[in-house]
Amino acid sequence: MALSGYLFAKLLDDKEIIFISFIWNRLLRLLPLLCVVIIIFGIQQYFANASMLSYAKRILTGLIEPSLPNGGWSITAEFHFYLLLPALLFLTRTWKYSLIVIILLAILIRIFLHHKFGQVQTLSYYTIIGRIDQFLFGILAYQFRNRIAGKHLFIIAVLLMFATFYWYFDALGGFYKFPSYPSPSTLWIYIPTIEGFAYAVIIAWYDNSFTHTQGKISRFIARIGTYSYSIYLLHFFIVFNLAHFIDHYVINLSNIYLSLLFSLLGFFVMIPIGYISYRFIELPFLRFRTQYILSKK
């Protein structure tokens, strides 16, 4: 999500946006595969004797709530960001520190919601209420990219502090046992901010500190990026079932190092599946895209 903020800030820098065309293009990119996933998941629910009416309601509420299957909550959060994007870009052009103010307001909103409901983990993790920090830090990282470029020691320090933070977070119980799920900890007020800052500065540093080539390795990484949406939505069907099979019939995956080895294997298994999905489900719809970026006169 920090990457989305950064990329759209970069694409739309000093340009005008045709908002309807922008939304149309994003729908063409996201909806085809999402619809396939919804259908497959619905078939699974049907054979599991789940209520199809409840499932239909879940899909409809997914426009607003984080209820879409297979990590579809992130698509809902990202689409909410798209709706806000023109206003956010206007604010950045009006006053470059405006997004920092919005991040501070988002933190205050989460403080209020934590006080009201006793927990804010659900909203911080699954909705734009928390994820807005990451989108905005992505935009800010592009704005201040020249101050981040070449700051290798700074990035090493950020990486070490971020890794230390997640070591500490995991030691406390992590996502599910801190001390329960959802967690009452006030740390969830600030986790989106910490993540957003760390990811955004690393993205800006990487993008602006090196000369990027068109070699085989770069093209391979770019291909993975192209297929990443497919890999993300479909890995729930493939990797989770594969892990269940290996854990029960081959070797116990409770050891963290074995789990990491399996996750690497699962990732490479998903690359050709991601290619097939992109080639035959996503790509055919992309020819209907329209121009949405206009250079300023």
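The values are calculated or read from the model by the stated rules, or taken from the named source; none is laboratory data. Keep in mind the model is a prediction, meaning the values are calculated, not measured. Because the Cβ atoms are built from the backbone with ideal geometry, glycine has one as well, and the counts that use them run over all protein chains shown.
Values as computed for the structure displayed
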{"item": "Among (1) among the aliphatic types (A, V, I, L, M); (2) surrounded by fewer than 12 Cβ atoms within 10 Å (Cβ to Cβ); (3) in a helix (DSSP H, G or I); (4) more than 22 Å from the chain's Cα centre (by Cα) - the single one Ile251 does not satisfy", "result": "(3)"}
{"item": "Pair list, Cβ < 6 Å and 6+ apart or interchain, from segment 123-140 residues that are more than 15 Å from Gly62 (Cα to Cα) to residues that are among the polar types (S, T, N, Q) and assigned to a helix (DSSP H, G or I)", "result": "Gly130/Ser124; Asp133/Thr193"}
{"item": "Enumeration of residues in segment 254-297 that are of a type in the set (S, T, N, Q), surrounded by 11 or more Cβ atoms within 10 Å (Cβ to Cβ) and under 30 Å from Ala9 (Cα atoms)", "result": "Ser277, Thr290"}
{"item": "Single match in Tyr46, Tyr6 (criterion: farther than 25 Å from Gly274 by Cα and among the aromatic types (Phe, Trp, Tyr))", "result": "Tyr46"}
{"item": "Options Leu253, Leu283: the member that is of a type outside the set (D, E, K, R), assigned by TED's automatic domain parsing to the domain that holds Leu234 and at pLDDT below 90", "result": "Leu253"}
{"item": "Top-ranked residue in segment 103-128 [being crowded, with 17+ Cβ neighbours inside 10 Å and hydrophobic (A, V, I, L, M, F, W, C); ranked as nearest to the chain's Cα centre (by Cα)]", "result": "Ile128"}
{"item": "Failed item in (1) closer than 20 Å to Tyr181 by Cβ; (2) in contact with a strand residue (DSSP E or B) (Cβ under 9 Å, 6 or more places away or on another chain), with Tyr125 passing the rest", "result": "(2)"}
{"item": "Enumeration of residues in segment 148-179 that are touching a helix residue (DSSP H, G or I) at 6+ places or on another chain (Cβ under 9 Å), part of a helix (DSSP H, G or I) and not aromatic (Phe, Trp, Tyr)", "result": "Ile148, His152, Ile155, Val158, Leu159, Met161, Leu172"}
{"item": "Condition broken by Phe197, with the remaining ones in (1) in a helix (DSSP H, G or I); (2) at pLDDT 90 or above; (3) within 30 Å of Leu99 (Cβ to Cβ); (4) not assigned by TED's automatic domain parsing to the domain that holds Leu11 satisfied", "result": "(4)"}
{"item": "Some residue of segment 49-69 being in contact (Cβ under 8 Å) with a residue 40 or more places away in the chain and under 24 Å from Leu294 (Cβ atoms)", "result": "no"}
